Amino acid sequence: MSEPQILEGWVSVLAALQAGRRPVQAVYLQAGKPVRQARQITAAAQQRGLQVQSIPAEQLDALAQGRSHGGVLAQAGQRSFQTLEELSVAVPQGFFAMLYGVEDPYNYGQAVRALYAAGADGLVVPERNWDTALNVVARASAGATEYMPTAQAAPETAIQHFKAQGCLVAATAKARRATPLYAADLRGPLFLLIGGERRGLGAAAQALCDLQITIPYGRGFAGELDVTSSTAALAFEVMRQRQGSGIRAGSLASH
């Protein structure tokens, strides 16, 4: 059993309580301090059968990793994941994405934040325990990593699954023959694989994809976009196309 983790700040704590994707053992508010969203946090905690505890600032600081918690902490357990089948059954015509080769927890959180905001219906990640950096991930994503339905799988396994479900499988690539993002038709059921800056998708997995996509630049530029910027560009282009064709951008409830 993994060690309990500390979530800091009202956004992360409220997301964990509302999403219900991980056990929350305790919620703490700083005594004598006006705390943002205190009523919402208290109500969400009560729905989970928890009584919010008011503790002194010194005790709160001792539990926290830093001093930017805003007077709100929670002690939480390991996140639960869905299966690939559960993701695709929930939204048959959905927009699903996979992040692979992302090493930095801040970049991972920011990338999920962009996907969630753009209406992605589900996320696939390689089997990695991001809970070791839970506080960074949750805060960087503004709670999106808690709300986003997520499954763990190897790229090849996920590709084969979503292909069988009738999804177009597209992957970001540096290949010269890759289709520019704005020329790609991304309106239908979609599984989009997005790689980190250093590691691309392996050749075996690339061969299984239906389409390779590249993000065109507005000028000659030898550098590369980081994964947070590229994910945002990709996700919001998918949203634009799907909204333009009358397809709802995402089925997830907004928070």
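The values are calculated or read from the model by the stated rules, or taken from the named source; none is laboratory data. Source: prediction; values computed, not measured. Counting neighbours? That spans all protein chains shown, and the Cβs are built from the backbone with ideal geometry, glycine included.
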I want to confirm something. Restricting to segment 113-139 and keeping residues that are farther than 16 Å from Gln82 by Cα and at pLDDT 95 or above, which single residue is surrounded by the fewest Cβ atoms within 10 Å (Cβ to Cβ)?
Ala117
Could you check, for segment 56-73, whether at least one of its residues is in contact with an Asp or Glu (Cβ under 6 Å, 6 or more places away or on another chain), under 25 Å from Met239 (Cα atoms) and not assigned by TED's automatic domain parsing to the domain that holds Arg128?
no
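Quick grid of which residues meet (1) assigned to a loop (DSSP other than H, G, I, E, B); (2) crowded, with 16+ Cβ neighbours inside 10 Å; (3) modelled with pLDDT of 95 or more:
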{"position": "Leu186", "(1), (2), (3)": "yes, yes, yes"}
{"position": "Leu193", "(1), (2), (3)": "no, yes, yes"}
{"position": "Ala207", "(1), (2), (3)": "no, no, no"}
{"position": "Ala222", "(1), (2), (3)": "yes, no, no"}
{"position": "Glu237", "(1), (2), (3)": "no, yes, yes"}
{"position": "Ser254", "(1), (2), (3)": "yes, no, no"}
Name the single residue that is nearest to Gly195 (Cα to Cα) among those in segment 155-180 being small (Gly, Ala, Ser) and outside any loop (DSSP other than H, G, I, E, B).
Ala171
With Arg48, Arg22 as the choices, which residue is of a type in the set (Lys, Arg) and surrounded by 17 or more Cβ atoms within 10 Å (Cβ to Cβ)?
Arg22
If we scan segment 139-158, do we find a residue that is touching a residue at least 24 places away in the same chain (Cβ under 8 Å), in contact with a strand residue (DSSP E or B) (Cβ under 8 Å, 6 or more places away or on another chain) and farther than 18 Å from Tyr100 by Cα?
yes
If the requirement is being at pLDDT 90 or above and surrounded by fewer than 17 Cβ atoms within 10 Å (Cβ to Cβ), which of these qualifies: Pro56, Pro34?
Pro56
Among (1) out of contact with any Asp or Glu (no Cβ under 9 Å at 6 or more places or on another chain); (2) closer than 18 Å to Leu17 by Cβ, where does Arg79 come up short?
(1)
From the option list Ala45, Ala64, single residue qualifying as small (Gly, Ala, Ser), under 23 Å from Gln18 (Cα atoms) and modelled with pLDDT under 90 is Ala64
Is it the case that some residue within segment 69-84 is under 27 Å from Phe191 (Cβ atoms), under 25 Å from the mean Cα position of the chain (by Cα) and in a helix (DSSP H, G or I)?
yes
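Taking the condition at pLDDT below 95 and surrounded by fewer than 18 Cβ atoms within 10 Å (Cβ to Cβ), does Gly202 pass?
yes
Which residue is farthest from Thr132 (Cα to Cα), if the candidates are limited to segment 39-72 and must be among the small types (Gly, Ala, Ser) and without any contact (Cβ under 8 Å) to a residue 12 or more places away in the chain?
Here the residue is Ala43.
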